[in-house]
1. If I filter the range 19-35 for residues that are part of a loop (DSSP other than H, G, I, E, B) and at pLDDT 95 or above, do I get at least one hit?
2. Taking the condition without any contact (Cβ under 8 Å) to a residue 60 or more places away in the chain and touching a Lys or Arg at 6+ places or on another chain (Cβ under 8 Å), does ASP23 pass?
3. What about LYS72, is it part of a helix (DSSP H, G or I), without any contact (Cβ under 8 Å) to a residue 12 or more places away in the chain and either of a type in the set (D, E, K, R) or touching a helix residue (DSSP H, G or I) at 6+ places or on another chain (Cβ under 6 Å) (or both)?
4. Within 13 Å of the chain's Cα centre (by Cα), among the polar types (S, T, N, Q) and within 20 Å of LYS73 (Cβ to Cβ), is that true of THR37?
5. Output the residues belonging to the range 3-18 that are farther than 14 Å from CYS34 by Cβ and either outside any loop (DSSP other than H, G, I, E, B) or in contact with an Asp or Glu (Cβ under 8 Å, 6 or more places away or on another chain) (or both).
6. Just wondering, is there one or more residues in the range 38-50 that are touching a residue at least 12 places away in the same chain (Cβ under 8 Å) and basic (Lys, Arg)?
7. Would the range 49-60 turn up any residue that is modelled with pLDDT under 95, exposed (fewer than 15 other Cβ atoms within 10 Å of the Cβ) and more than 24 Å from LYS4 (Cβ to Cβ)?
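The values are calculated or read from the model by the stated rules, or taken from the named source; none is laboratory data. What you are looking at is a predicted structure, and each value in this text was computed from that prediction instead of being measured. Every residue, glycine as well, gets a Cβ built from its backbone with ideal geometry; the counts of neighbours run over all protein chains shown.
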Amino acid sequence: MEIKDIVLKLTGPVDPVGESNADDYRFENLKTLCKLTEHLVCVIDEVSYRNKDRAEYSMSRAGRYAFDFIDKKLNIKE
């Protein structure tokens, strides 16, 4: 099982089904998933900010990877 599968299993379903009680529950799950995603993006952004211009290869590699993820995959510009 991959980490994403575990997180989604723990969070529960998020896609609305058109039934108010179920959708209220799923909306709370969606809010939880969004908060987690926001936290993870902040962690990745911090790695980028602190390391992308470092002289040490392993640190700059991590920083550049994080920067490219934020910039290219999420399309969030500085």
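1. At the first step, the residues of the range 19-35 found to be part of a loop (DSSP other than H, G, I, E, B) are 19.
If we keep only those that are at pLDDT 95 or above as well, we get 19.
Yes, the range 19-35 has at least one match.
2. No; evaluated as a whole, the condition is false for this residue.
3. Against the criterion (part of a helix (DSSP H, G or I), without any contact (Cβ under 8 Å) to a residue 12 or more places away in the chain and either of a type in the set (D, E, K, R) or touching a helix residue (DSSP H, G or I) at 6+ places or on another chain (Cβ under 6 Å) (or both)), LYS72 qualifies.
4. Spelling it out, THR37 is indeed within 13 Å of the chain's Cα centre (by Cα), among the polar types (S, T, N, Q) and within 20 Å of LYS73 (Cβ to Cβ).
5. Those that are farther than 14 Å from CYS34 by Cβ and either outside any loop (DSSP other than H, G, I, E, B) or in contact with an Asp or Glu (Cβ under 8 Å, 6 or more places away or on another chain) (or both): ILE3, LYS4, ASP5, ILE6, LYS9, LEU10, PRO16, VAL17.
6. yes
7. Looking for residues that are modelled with pLDDT under 95, exposed (fewer than 15 other Cβ atoms within 10 Å of the Cβ) and more than 24 Å from LYS4 (Cβ to Cβ), one finds none in the range 49-60, hence no.
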